[in-house]
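Values in this text are rule-based calculations from the coordinates and carry no lab data. Since the structure is predicted, the reported quantities are computational estimates derived from the model, not experimental observations. Glycine also receives a Cβ, built like all others from the backbone with ideal geometry; neighbour counts cover every protein chain displayed.
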Amino acid sequence: MIHRILATTLLGAALAVPAAAGAADPDRQAILDEFRAQARKNNPDFSGFSAERGRELFYNRHGGGEPETPRCTSCHTEDPTQAGETRAGKRIGPVAVSVNPDRFTKRKKVYKWFARNCDSVLGRRCTPTEKGDFMTFMLTQ
Amino acid sequence: MIKRTMAFMLGVAALAATPALADGGAERVPLVTNTKAKKECSACHMAFQPAFLPADAWKTMMRNLDEHFGENAFLMPETKKAIARYYTSHAPKKAGPMLLTPEGETTQRITETSGWRNAHREVKPGAFKAGDVGAKANCPACHKKASKGVYEDD
């Protein structure tokens with residue numbers, strides 16, 4: 001019995017590894033699907049995420065947040081494929097999925113950082129549409 | 001045997017929790033040993049050691065993570081509780097003057113304590129903004145052995 005569970009677990013792990021390297025990571029897809037379902041619930045006319053809106057969200061200067069971080073780029077820099085830096089001087093790994101394939105694959109982490117950073121930059125929570133747009137943009141980067 | 005190993009490990013942990021002279025006589029500030037604290041705090045900055053602030057300062061800080069030095073450092077309640085417990089139980093209960101501001105006030109900012117200010121008196125203000133340093137909070141930029149708890153005159 002234990003052997004069978006172990007075998008299943010190992011098989012699962014083996015399957016998960018090659019998939020995680022590609023853009024279509026199942027965990028990331030599940031997170032996107034979750035945001036999509038939430039977006040549809042909020043707005044029946046929701047027609048899908050937009051990399052372009054995500055780009056604007058990333059580069060625009062926002063009001064309402066902390067004065068030190070008016071834009072996402074305040075810490076993540078203008079180029080998402082490059083490392084950023086926190087206000088305390090610590091390196092932030094690139095947000096672009098192409099150079100950092102682990103991005104947006106851990107659900108708790110995704111929720112945590114959107115909660116923190118949307119508040120710091122926008123002074124409010126991000127909507128599910130904004131979160132999906134942001135991820136969609138980063139998937140193109 | 002397992003019990004003995006455990007007891008030994010606990011003993012080492014207890015020793016590590018008291019400041020010790022090591023590394024050629026340099027004073028070592030005990031590093032953060034709590035896994036959650038290490039992981040969560042060091043996501044944005046080095047995991048500052050409990051010894052740097054009095055327990056009540058850490059307590060206040062952990063209660064106000066939504067306004068953490070101009071940023072929202074939101075944590076899940078159970079994670080927050082565990083980290084708060086770690087810091088308040090490992091930090092000095094009673095603050096000596098070096099852990100307070102020169103005015104004798106409790107502060108959440110390590111760089112406002114008399115101890116920090118005295119130790120950095122000879123550092124030019126511009127040095128904290130220069131190059132890879134970026135901020136006073138970036139101790140390891142100058143203290144190359146900070147990850148070992150050693151903060152000598154670098």
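FRET efficiency for A:Tyr111 and A:Thr81, Cβ-Cβ distance as r, R0 = 22 Å, nearest 0.05?
After rounding to 0.05, the efficiency reads 0.35.
Between the range B:77-145 and the range A:88-141, what is the separation of their alpha carbon centroids in Å?
If you average the Cα positions of each part, the centres end up 29 Å apart.
Need one value for A:116-126: mean number of C-beta atoms belonging to other chains within 10 Å of its residues' C-beta atoms.
3
How would you rank B:Trp116, A:Trp113, going from fewest to most other Cβ atoms within 10 Å of each one's own Cβ?
A:Trp113, B:Trp116
Anything over 23 Å Cα to Cα? Flag those among B:Lys81/B:Lys148; B:Lys38/B:Lys129; A:Lys90/B:Lys136; A:Lys108/B:Lys136, in the order listed.
Violating the 23 Å limit, Cα to Cα: B:Lys81/B:Lys148; B:Lys38/B:Lys129; A:Lys108/B:Lys136.
Can you tell me, using C-alpha contacts under 8 Å and at least 6 residues apart, the relative contact order of the range A:35-141 as a whole percent?
Relative contact order here is 40 percent.
Cut-off under 14 Å on the C-alpha distance; same-chain residues fewer than 8 positions from B:Lys94 excluded. Which aspartates and glutamates are left, in chain and number order?
The reachable aspartates and glutamates, counting only those whose Cα sits under 14 Å from B:Lys94, are B:Asp56, B:Glu105.
State, to one decimal in nm, how far the label point of A:Ser98 lies from the label point of B:Lys148, with both points 7 Å from Cα in the Cβ direction.
Once both label points are built, they end up 4.2 nm from each other.
Order of A:Arg125, A:Arg87 from fewest to most other C-beta atoms within 10 Å?
Ordered by Cβ neighbours within 10 Å, fewest first: A:Arg125, A:Arg87.
What FRET efficiency would be calculated for the residue pair B:Arg109, A:Glu34, taking the C-beta separation as r and a Förster radius of 51 Å, to the nearest 0.05?
Efficiency at R0 = 51 Å is approximately 0.85.
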